[in-house]
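The values are calculated or read from the model by the stated rules, or taken from the named source; none is laboratory data. Quantities reported herein were computed from a predicted structural model and do not represent experimental measurements. No Cβ is skipped: glycine too gets one built from the backbone with ideal geometry, and neighbour counts run over all protein chains shown. Each accessible area value is taken on the protein alone, full model and side chains, heavy atoms only, with ligands, DNA and RNA left out. Shrake-Rupley method; radii C 1.70, N 1.55, O 1.52, S 1.80 Å.
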Amino acid sequence: MERLREFETIFYPKSVAVIGASTETTKFGTVFLDSLVQFGFKGKIYPVNPQAKEILGLKAYPNVKDIPDPVDLVFITVPASAVPKVLEDCVTKNVRAVVILTAGFGETGKEEGRKLEREIVRISKEGNVRVVGPNCFGVYCPASGLTLLPGANFSKESGNVAFLSQSGGYAERFCQEAKGWGIRFSKVVSYGNACDLNETNFIEYLAEDSETRIIALYVEGVKDGQRFLQTVQKVNKRKPVIVWKGGLSEGGGRAVASHTGALGGRKEIWDAFFRQTGAVRVNSLEELIDTVLIFQHFSSSCGRRVAVVGTGGGTGVAAADACERAGLLVPAFNAETLEQLRRLIPPIGASIQNPIDLGNPWTSPPIYRRIIEAVSSDPQIDALIIVMWHLPLFYARRELLWKFFQQIVEVPITISKRQRKPVVMVLCATPTEVEMLEVEGEWRRIKDRYLAAGIPVYPTVERTTKALANFVAYHKFQKHETDLGLSLEG
């Protein structure tokens, strides 16, 4: 409870000040101030600039100390050399937390920057002020109306996913791209150099946060490796922790050092971290989104035996290969299921084996439903992947077949409601010709229909199988936890 109270000021402030906003609309601080206003921060906002009386319609103050009311959270956007003095003013004002958006500190690799960072650490400790940053994009919390630097158009709807990112750019991109996949956030923090509050502090808080069920991270390096490992190991037993570790290659390590000044650590050490903690490992922004999506929709454990239902022999072969590359199994159906399928699927141009090739894209909705029901009921199967690639085919003959196709679309939703086994959709990407733009719009509407029904949707089989494999591996680890006795130090 003490940790929850400490972070209350950061995520749910009743008032904020933006130091460095100005009448120049392109300035960093003004852009951020405008984002806060446009997004709809629920508390009071105070611009601070000694040269302005009013900024974006808000009364401005020459110094944070001149604001007559208490200020819970301060965002600092002044040049790096001016930050220590501004931080001292915040201490005098009895501000409890600040977010330093300004860059130009330890990440520069220069002694002047490192000296400035040491100075703000000293001031914050002596003044009992918690610091997010420097060199960051800030905090996004839909419930309180806080948003990141460029986040005026982020979703205002709260969710159960938290994201911690050393990179401000990836924090912004993840929020933007996840929005289209129905992923909603409880909290997002871009924490940059982490001179005070670091990834472990935030994970400890999120472990106790009732609004957060899934914790995702983009991390370049950690401040205290052993503490980070032990914290993730503990938290991951209660809430899935999904980690994208950047900078494991030689070139990536150099980029990390110049980006946030972090020490990335050796690849073998991080390999040991994932083996020991059971944290879910992802390797790209795309895989991060895909994995968070499946964890958002599924909560119960799932085995790795998969049935694939689609149209086209090549599609089935590719799907089986993708499953096995990801560590999933595509087992044979039992005799009872095969007999049911034999009665439902014509013997010519199709296959009743797993993966199933329906052959005819015009399979009637009642038959399609019975096929999927039969597969879903097989005790040899833990999850279903349903591949739907022929949207353009139906759309091209919309007047004749569109109602038929809409009935096909509803079948997986009906099955997922009746069966406890996970159903995942592959809604293959549409053609890129300008003439097919209407199909893209329909693709998005169908995607949203499945997401609203609790069914994860992916545009390729490869992305589907990797996300599902990550979900399966997490739950397998929970059942068979191992301790390799390794450390993240070194």
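The residues of the stretch 314-353 that are under 34 Å from the mean Cα position of the chain (by Cα) and part of a helix (DSSP H, G or I), listed by number, are GLY314, THR315, GLY316, VAL317, ALA318, ALA319, ALA320, ASP321, ALA322, CYS323, GLU324, ARG325. On the stretch given as the stretch 44-72, residues that are in contact with a Gly (Cβ under 9 Å, 6 or more places away or on another chain) and not hydrophobic (A, V, I, L, M, F, W, C) total 3. Taking the stretch 450-482 as the range and being open to solvent by 60 Å² or more (accessible area, probe 1.4 Å) and closer than 15 Å to VAL308 by Cα as the test, the residues that pass are GLU462, LYS466.
Taking the criterion of being assigned to a loop (DSSP other than H, G, I, E, B), open to solvent by 20 Å² or more (accessible area, probe 1.4 Å) and under 27 Å from TYR450 (Cβ atoms), the residues of the stretch 165-198 that qualify are GLY180, TRP181, GLY182, ARG184. Taking the criterion of being in contact with a Pro (Cβ under 8 Å, 6 or more places away or on another chain) and on the phi < 0 side of the Ramachandran plot, the residues of the stretch 187-212 that qualify are ASN193, CYS195.
Can you pull out every residue in the stretch 91-145 that is among the charged types (D, E, K, R) and assigned to a strand (DSSP E or B)?
Within the stretch 91-145, just ARG130 meets the criteria.
Of all the numbered requirements in (1) under 23 Å from VAL306 (Cβ atoms); (2) modelled with pLDDT under 90, THR430 misses one, and that requirement is (1).
Is it the case, given these coordinates, that GLY310 is crowded, with 22+ Cβ neighbours inside 10 Å, at negative phi and modelled with pLDDT under 95?
yes
Identification of strands (runs of 3 or more DSSP E) wholly contained in the stretch 208-291 with 2 or more residues that are modelled with pLDDT of 90 or more, of a type outside the set (Asp, Glu) and in contact with a Leu (Cβ under 7 Å, 6 or more places away or on another chain) yields 214-219, 241-245.
When ALA162 is tested against the conditions (1) out of contact with any Lys or Arg (no Cβ under 6 Å at 6 or more places or on another chain); (2) buried (at least 22 other Cβ atoms within 10 Å of the Cβ), the lone failure is (1). Please verify whether the stretch 331-339 includes one or more residues that are under 30 Å from MET436 (Cα atoms) and surrounded by fewer than 21 Cβ atoms within 10 Å (Cβ to Cβ). The answer is no; no qualifying residue exists. The set of residues in the stretch 219-242 being of a type outside the set (Lys, Arg) and open to solvent by 20 Å² or more (accessible area, probe 1.4 Å) consists of VAL222, ASP224, GLN226, GLN230, GLN233.
Quick grid of which residues meet (1) surrounded by fewer than 22 Cβ atoms within 10 Å (Cβ to Cβ); (2) touching a Gly at 6+ places or on another chain (Cβ under 8 Å):
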residue: GLU24; (1), (2): yes, no
residue: PHE39; (1), (2): yes, yes
residue: LYS42; (1), (2): yes, yes
residue: VAL74; (1), (2): no, no
residue: PRO79; (1), (2): yes, yes
residue: ASP89; (1), (2): yes, no
residue: THR102; (1), (2): no, yes
residue: ARG122; (1), (2): yes, no
residue: LYS125; (1), (2): yes, no
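Listed here are the strands (runs of 3 or more DSSP E) enclosed by the stretch 1-82 that have at least 1 residues being under 15 Å from GLY138 (Cα atoms), modelled with pLDDT of 95 or more and within 29 Å of the chain's Cα centre (by Cα): 15-19, 73-76.
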